[in-house]
1. Roughly how many whole Å is it from the C-alpha centroid of the stretch 15-32 to that of the stretch 53-84?
2. If you fit an axis through the alpha-carbon atoms of helix 74-96 and take the longest principal axis of the Cα set of the chain, what angle between them do you get, 0 to 90°, nearest 10?
3. At R0 = 25 Å, how high is the FRET efficiency between Arg173 and Leu48 if r is their beta carbon distance? Nearest 0.05 is fine.
4. Please state the relative contact order of the stretch 31-111 as a whole percent: Cα pairs under 8 Å, 6+ residues apart?
5. Between Thr109, Thr95, Thr73, find the one with the highest GNM mean-square fluctuation for the chain; connect C-alpha pairs within less than 10 Å.
6. Nearest 500 deg cm²/dmol is fine: what mean residue ellipticity at 222 nm does the chain get from its DSSP H runs of n ≥ 4 alone, each adding -39,500 (n - 2.57), divided by its residue count?
7. Within the chain, count lysine pairs with alpha carbon atoms under 25 angstrom apart where the residues are 8 or more positions apart or belong to different chains.
8. Evaluate the distance, in nm, between pseudo-label points positioned 7 Å from the Cα of Arg64 and of Lys32 along their respective Cα→Cβ axes.
Amino acid sequence: MEKGLIHLYTGEGKGKTTAAVGLAVRAAGAGKKVAFVQFMKGRDTGELHSLCRIPGIEILRSDRDFGFYPHMTDAQKEELTRIHNSLLKQTLTWTLGGEADVVVLDEVTYPLNWNLLDETLLRRLLSRTDDKPYFPEIVCTGRDPQEWLVDCADYVTRMECVKHPFDRGIGAREGIEY
């Protein structure tokens, strides 16, 4: 079986998660099994309501909203780290078992940069070694990716913010930004 490729959607602009959702929908429409794994997100977001209705897409995420990283307590960071590592372990099990054709690791750069997940486990998931009989297509999203993550990606798409309503005091809007 042909091994999948690694995509990285990054940059300061809007659209990283949206692009990943689009690829997940396209893959499911082609009959592929998709694991959509969200990090750092626990609150209700618009994409969840659509994704959970599409056959072939499994969503893995925390059911608890921890808020923004700078406002988290040390205890919350420890709990979120456990949750993130559990998500990574489940994803690795699925990929090794050939249960996912496409894996989306949405917002994975943040917990990686903030030490809220096991980097070794993430590297194992992203490694294309010969001992893995199957390797799915993998999409990573988030700002400020570490250099090793850029290096291992086959596709790197950088979203550039040229103009944004937030600069004029317009906050995030349901169904548009979340």
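The values are calculated or read from the model by the stated rules, or taken from the named source; none is laboratory data. Please read these numbers as outputs of a predicted model, since none were measured by experiment. Cβ placement follows ideal geometry from the backbone for every residue including glycine, while neighbour counts extend to all protein chains displayed. The protein model used for the area step is the full one, side chains on, heavy atoms only, and it has no ligands, DNA or RNA in it. Shrake-Rupley method; radii C 1.70, N 1.55, O 1.52, S 1.80 Å.
1. 21 Å
2. 30 degrees
3. Working: r = 16 Å, r/R0 = 0.66.
The formula returns an efficiency of 0.95 here.
4. On the way: 98 pairs, mean separation 39.6, N = 81.
Once divided by the residue count of the stretch 31-111, the mean separation gives 49 percent.
5. Thr73
6. -10500 deg cm²/dmol
7. Lysine pairs meeting both conditions in the chain amount to 24.
8. With each label point 7 Å from Cα toward Cβ, the separation is 3.3 nm.
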